[in-house]
There are 2 protein chains.
Amino acid sequence: MEKIYTYEQLYTFSTAVFEKIGCSKKDADIAAKTLLSADIRGVDSHGVARLSGYIRLWEVQRVNATPKITITHETPSTAVVDGDAGLGLVVAPYAMQVAIDKAKNVGTGWVSVKNSNHFGIAGYHAMMALPHDMIGIAMTNASALVAPTFSVERMLGTNPIAVAIPAGTEPAFVADFATTTAANGKLEILQRKNADAPTGWIQTKEGRSSTNANELKNGGSLLPLGGDREHSSHKGYALGAIVDIFSAVLSGANYGPWVPPFPAYVPMPENMPGEGIGHFFGAMRIDAFRTAEEFKQHMDNWIKRFRSAKTVAGEEKVIIPGDPEREMEAERMKEGIPLVNAVAEDLQALAQRFSLVFS
Amino acid sequence: MEKIYTYEQLYTFSTAVFEKIGCSKKDADIAAKTLLSADIRGVDSHGVARLSGYIRLWEVQRVNATPKITITHETPSTAVVDGDAGLGLVVAPYAMQVAIDKAKNVGTGWVSVKNSNHFGIAGYHAMMALPHDMIGIAMTNASALVAPTFSVERMLGTNPIAVAIPAGTEPAFVADFATTTAANGKLEILQRKNADAPTGWIQTKEGRSSTNANELKNGGSLLPLGGDREHSSHKGYALGAIVDIFSAVLSGANYGPWVPPFPAYVPMPENMPGEGIGHFFGAMRIDAFRTAEEFKQHMDNWIKRFRSAKTVAGEEKVIIPGDPEREMEAERMKEGIPLVNAVAEDLQALAQRFSLVFS
């Protein structure tokens with residue numbers, strides 16, 4: 001069962017909730033926009049469905065609603081940002097803006113972030129670069145759910161990578177993906193349907209292949225992109241590891257199995273080596289390489305050629321990364337955003353708690 | 001059947017061959033070292049097995065033995081390098097050095113390269129950053145063998161990504177992988193053994209799953225990392241696409257299905273939009289983020305924790321990217337490099353042609 005809400009309704013409500021926990025008007029606006037970018041792009045697992053989760057982190061004092069975000073170290077093309085335990089939804093746009101400003105000055109900007117929290121969808125931050133005729137890159141580590149090749153221990157998060165690349169008359173190329181075979185959100189959909197997962201997504205706590213969508217509750221793990229060794233899961237593991245190191249070992253955040261969990265009721269890992277979770281952002285000015293006009297003409301050519309590639313029988317066209325999310329955004333801005341009952345009830349509970357209205 | 005050669009034997013011979021086609025002493029040395037880094041690290045498909053292939057490209061005037069490699073555009077943190085159709089084995093180390101020099105000045109350096117040729121193994125170039133306490137990144141596009149998700153056309157090369165990250169007392173983290181489920185070299189091994197390939201590696205020319213290791217000869221394609229849509233091949237496709245765009249659309253090289261083929265007898269694509277093949281390099285100074293000492297201590301901690309993760313039954317340990325290649329290098333520098341007969345004969349034919357000795 002679902003009910004449809006407008007973007008405006010969800011934005012107004014989310015902003016009000018963030019203000020209720022003490023965020024400034026400006027931060028509440030940024031946090032709500034970042035959060036809702038997931039809902040409008042169809043990444044339902046990362047949008048308002050997580051709002052109550054963020055609030056619970058604030059309740060246990062793991063989220064600071066009034067952070068003093070600072071640059072602790074920098075060079076002309078780099079910076080380390082300390083998020084002061086702020087909402088990742090606010091810290092990440094700040095850090096991405098630092099990357100963009102540095103790119104304006106010296107061609108590129110690269111920012112590693114410590115002491116942050118969950119930042120919503122990576123693609124939103126990467127796309128901040130597009131209006132500046134820059135390529136945007138965003139990644140983050142996350143609490144460990146993924147077993148590297150040959151491991152039965154969960155050592156890495158789903159550690160997503162997003163890359164946004166401007167085009168001319170064609171829409172931008174926007175890739176945004178977890179470095180696992182399947183993102184956790186896809187498992188949650190199967191759990192709700194009581195359906196099996198394909199092989200190659202998850203393993204049991206002993207490291208055997210499993211199709212049980214609830215296997216993580218039994219101590220199992222998600223698998224890196226590739227699934228098993230024969231299908232090059234060591235590559236997905238390497239990608240997740242690179243995201244972890246760029247986001248956290250470079251900045252001084254927690255890494256590997258020490259990344260703080262998103263659910264506030266899960267105890268923190270012992271002997272944590274850093275502060276909070278880590279992100280990594282990059283911005284590259286197109287005209288630091290060639291004129292933006294030339295580049296965009298060739299990107300249009302690239303996109304048109306790939307989109308018109310001959311397809312397997314039954315498939316209409318080859319998809320350019322970002323196409324489905326952009327189409328979803330157009331639809332949801334017009335038709336509204338459907339929320340499943342559980343999420344709507346979650347928001348109603350928040351409304352009651354903060355004396356707000358949500359209907 | 002195999003025969004064992006010392007590194008010195010293969011280096012001396014390769015250098016002599018490169019000098020015979022007109023390379024300067026210095027370029028011949030660089031090219032031979034780059035080429036042989038594949039043989040010593042166990043990537044047999046990318047080492048001296050390709051030497052005659054490079055020479056055939058020179059014969060058809062697609063490789064220029066005396067290139068004037070130039071920087072055509074730059075900012076403090078970026079450059080575009082024109083390889084002047086030189087050997088990628090020479091152009092790539094030049095460009096990576098530009099990235100390193102820029103990182104010395106402004107924290108990071110990013111170089112996109114056009115008008116180049118096959119550059120050997122990506123890992124070698126990325127590892128150039130390590131002695132400078134920098135993270136190194138290298139990628140390249142390659143001629144199209146890979147069908148994006150839903151495509152039956154070959155649109156991308158195996159487009160590898162390498163990332164080298166310094167550590168302290170532990171050896172460096174060095175990931176170097178094709179963005180396909182299986183690199184072409186792995187298929188070649190199966191072809192020699194007349195063995196079947198696992199599912200998820202290749203498809204037929206109609207886009208059906210195939211286990212025929214010779215399927216590419218029938219018009220089939222390699223598959224992006226992930227294999228099929230259910231196992232997130234769209235992520236491998238996006239990774240290959242990002243490598244293609246960074247390497248070629250940023251620089252002005254050929255991209256997608258227009259990348260020149262490595263075998264000299266294969267006709268060039270029509271209506272090529274750029275010059276030669278493209279590469280992309282990055283160097284990030286560790287102390288542009290935090291002190292190299294602190295970083296390396298945490299990298300050691302990262303590596304030790306991952307290497308000691310609990311394994312599935314029957315597996316000794318979790319592998320850190322770069323472990324197998326480093327162990328192979330130690331072994332082959334001591335015990336020598338085995339070449340299969342076909343490769344040894346290929347080198348003997350080159351020796352005869354250039355009045356050199358190879359035995």
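The values are calculated or read from the model by the stated rules, or taken from the named source; none is laboratory data. Computed from a predicted structure; not experimentally measured. Every residue, glycine as well, gets a Cβ built from its backbone with ideal geometry; the counts of neighbours run over all protein chains shown.
Some observations on this one:
- Options B:Ala126, B:Ala95: the member that is in contact with a helix residue (DSSP H, G or I) (Cβ under 9 Å, 6 or more places away or on another chain), in the same structural domain as B:Gly252 (by TED's automatic domain parsing) and within 27 Å of B:Gln297 (Cβ to Cβ): B:Ala126
- Residue match in segment B:250-257 (condition: within 11 Å of chain A (Cβ to nearest Cβ) and either assigned to a helix (DSSP H, G or I) or out of contact with any strand residue (DSSP E or B) (no Cβ under 9 Å at 6 or more places or on another chain) (or both)): yes
- Residue pairs whose Cβ atoms lie under 7 Å apart, separated by 6 or more positions or on different chains, with the first residue in segment A:176-187 and more than 9 Å from every other protein chain (Cβ to nearest Cβ) and the second of a type in the set (Gly, Ala, Ser) and surrounded by fewer than 20 Cβ atoms within 10 Å (Cβ to Cβ), are A:Asn184/A:Ser45; A:Gly185/A:Ser45.
- Matching residues in segment A:211-238 - criterion: being touching a residue at least 24 places away in the same chain (Cβ under 8 Å) and of a type in the set (D, E, K, R): A:Asp228, A:Arg229
- So B:Gly207, is it modelled with pLDDT of 95 or more and closer than 17 Å to A:Ile320 by Cβ: no
- Out of A:Gly42, A:Gly53, sole residue that is assigned to a helix (DSSP H, G or I) and either in contact (Cβ under 8 Å) with a residue 24 or more places away in the chain or touching a Lys or Arg at 6+ places or on another chain (Cβ under 7 Å) (or both): A:Gly53
- Only one of B:Ser52, B:Ser24 that is in contact with a helix residue (DSSP H, G or I) (Cβ under 6 Å, 6 or more places away or on another chain) and outside the structural domain of B:Ala85 (by TED's automatic domain parsing): B:Ser52
- Against the list (1) surrounded by 14 or more Cβ atoms within 10 Å (Cβ to Cβ); (2) assigned to a helix (DSSP H, G or I); (3) away from chain A (no Cβ under 13 Å), the condition B:Ala330 fails is (1).
- Tally, over segment B:258-285, of residues that are more than 11 Å from chain A (Cβ to nearest Cβ) and on the phi > 0 side of the Ramachandran plot: 1
- Any hit, segment B:157-171, residues being in contact (Cβ under 8 Å) with a residue 40 or more places away in the chain, touching a Leu at 6+ places or on another chain (Cβ under 6 Å), farther than 25 Å from B:Tyr255 by Cβ and not hydrophobic (A, V, I, L, M, F, W, C): yes
- Residue check: B:Ser14 meets all listed conditions (1) in contact (Cβ under 8 Å) with a residue 60 or more places away in the chain; (2) crowded, with 22+ Cβ neighbours inside 10 Å; (3) outside the structural domain of B:Met128 (by TED's automatic domain parsing) but one, namely (1).
- Test: residue in segment B:201-216 that is within 25 Å of B:Ala342 (Cα to Cα) and in a helix (DSSP H, G or I): yes
- Qualifying residue in segment A:347-355 (condition: free of Cβ contacts under 8 Å to residues at least 40 places away in the same chain and in contact with a Gly (Cβ under 7 Å, 6 or more places away or on another chain)): no
- Scanning segment A:292-327 for residues that are free of Cβ contacts under 8 Å to residues at least 12 places away in the same chain, more than 9 Å from every other protein chain (Cβ to nearest Cβ) and among the polar types (S, T, N, Q) yields a single hit, A:Ser308.
- Any hit, segment A:315-327, residues being on the phi > 0 side of the Ramachandran plot and more than 21 Å from the chain's Cα centre (by Cα): no
- Hey, B:Asp29 crowded, with 21+ Cβ neighbours inside 10 Å and either farther than 18 Å from B:Phe262 by Cα or without any contact (Cβ under 8 Å) to a residue 24 or more places away in the chain (or both) or not: no
- The number of residues in segment B:305-359 being closer than 30 Å to A:Ile245 by Cβ and of a type in the set (S, T, N, Q) comes to 2.
- Being aromatic (Phe, Trp, Tyr), buried (at least 20 other Cβ atoms within 10 Å of the Cβ) and under 20 Å from the mean Cα position of the chain (by Cα) is a condition met by at least one residue of segment A:47-55.
- Matching option when the condition is of a type in the set (Gly, Ala, Ser) and either part of a helix (DSSP H, G or I) or closer than 30 Å to A:Pro148 by Cα (or both), among A:Ala313, A:Ala283: A:Ala283
- Counting the residues of segment A:42-68 that are closer than 18 Å to A:Asp29 by Cβ and of a type in the set (Ser, Thr, Tyr) gives 2.
- Of all residues in segment B:181-229, those satisfying the criterion of being over 26 Å from B:Arg50 (Cβ atoms) and surrounded by fewer than 15 Cβ atoms within 10 Å (Cβ to Cβ) are B:Glu206, B:Arg208, B:Ser209, B:Thr211, B:Arg229.
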